[in-house]
């Protein structure tokens, strides 16, 4: 099975192949109802547009797992401003909030006015405007979603962020591997790199301007850095054996990765300025899949030092690792939520063969299963910690699925043809 191949190859990530917790709680839907919100189709004075901004906003808010948009066919009126709102109609539909907007051409651009209302109090809670070209409709919609989400939850929205992923497509007797960047929801994908050899483990730098990944273009795994805007690439490792699973430090000045140059797979950290290399782990077990804590000194990683893959954490320079996961016989590929209270991972329960995405509360120790598929891999978490994306298989094809951390939402992400895997969520973008 790919999962086992992957770990044996040191967590080059699924392309080629605090306390003891209680029993896992399987979450198939949210524990409480999402907040109903009506996102009314935006009025447009410039005729039909290539994108439906209200639909994009509604999908964004739904994807968070916090809100449930009122179906458009249920809307009996479509106001574009406060004076047109008949609150009792929206109360009857069960809406708690109402978002309206209007689009007006202005000097060759589009000016979008939007407003958010609390239906029960009949008060406006947010208003604003954003402008852009016709090709920026999705950007403007994601911006409005971010503003509304932050106003209602106090959490910064992550809908304007980006996604990296790898596709593998058969071309005759060869396979073409492509590194893609898209909106967080899979829209507007662009190609950053193509190769006839595998591409693994793409990761964003904290400023979102660079990416690190593993390429087999030299027939051996080597780590590269690439500038997103210019496309300039730089190879930064050329060690014997495995070179894999890169991860940027929170300040972007260091890169953690896995090397087997000394005979055993271990976690190392490289200072990207001086290229000085520091070994972090030193154990006969396999150590891989590093993920940085916010302090820039703690690294979470996967290790089989206890016999089976589990997640540990270790401060750089301490030489001592602390085990973090205890539930299940397989826990790997750790990712932390923004507040570092939740650990997301690939998990397998005792007595089962299925691999699922799970979230462990690091304060209470309880674990929740977030996915309903069976061969899940490579989870990546939104910078605000409300959503995650993971790779899985559906109808015999590798696909990506977006899920809310609270378990209410699971939807496939539309992507290009071929096998799709290795997702990586960007940080907040300026």
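Listed here are the residues, each with its yes/no results for (1) under 17 Å from the mean Cα position of the chain (by Cα); (2) under 30 Å from residue 210 (Cβ atoms); (3) modelled with pLDDT of 95 or more; (4) in the same structural domain as residue 206 (by TED's automatic domain parsing).
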position	(1), (2), (3), (4)
247	yes, yes, yes, yes
271	no, yes, yes, yes
277	no, yes, yes, yes
297	no, yes, yes, yes
351	no, no, no, yes
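When 263, 285 are screened for being at negative phi, modelled with pLDDT under 95 and surrounded by fewer than 22 Cβ atoms within 10 Å (Cβ to Cβ), only 285 passes. The criterion of at least 3 residues that are over 23 Å from residue 425 (Cβ atoms) is met, among strands (runs of 3 or more DSSP E) falling completely within segment 165-270, by 174-183. Within segment 352-375, can you find the residues that are assigned to a strand (DSSP E or B) and over 21 Å from residue 411 (Cα atoms)? If the condition is that a residue be assigned to a strand (DSSP E or B) and over 21 Å from residue 411 (Cα atoms), then 360, 361, 367 are the ones that fit.
Can you report the number of residues in segment 146-165 which are crowded, with 24+ Cβ neighbours inside 10 Å and either at pLDDT below 95 or more than 13 Å from residue 184 (Cα to Cα) (or both)? Number satisfying all stated conditions: 1. Going by the structure shown, is residue 36 at pLDDT 95 or above, surrounded by fewer than 23 Cβ atoms within 10 Å (Cβ to Cβ) and part of a strand (DSSP E or B)? The answer is yes for residue 36.
Going by the conditions given, is residue 325 under 24 Å from residue 159 (Cβ atoms), crowded, with 19+ Cβ neighbours inside 10 Å and in the same structural domain as residue 264 (by TED's automatic domain parsing)? Answer is no for this residue.
Residue check: is residue 417 surrounded by fewer than 23 Cβ atoms within 10 Å (Cβ to Cβ) and more than 13 Å from residue 168 (Cβ to Cβ)? No. In segment 101-119, the residue that is surrounded by the fewest Cβ atoms within 10 Å (Cβ to Cβ) out of those that are over 17 Å from residue 143 (Cβ atoms) and at pLDDT 90 or above is 105.
Residues are listed down the side, and each one gets a yes or a no for (1) surrounded by 13 or more Cβ atoms within 10 Å (Cβ to Cβ); (2) outside the structural domain of residue 127 (by TED's automatic domain parsing); (3) in contact with a strand residue (DSSP E or B) (Cβ under 9 Å, 6 or more places away or on another chain):
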site	(1), (2), (3)
46	no, no, yes
66	yes, no, yes
76	no, no, no
99	yes, no, yes
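Test residue 179 against the stated conditions and say whether it is in contact with a helix residue (DSSP H, G or I) (Cβ under 6 Å, 6 or more places away or on another chain), more than 24 Å from residue 338 (Cα to Cα) and surrounded by 14 or more Cβ atoms within 10 Å (Cβ to Cβ). In short, no.
The values are calculated or read from the model by the stated rules, or taken from the named source; none is laboratory data. If you're wondering where the values come from, they're calculated on a predicted model, not measured in any experiment. Positions of Cβ are backbone-derived with ideal geometry, glycine not excepted, and every protein chain shown enters the neighbour counts.
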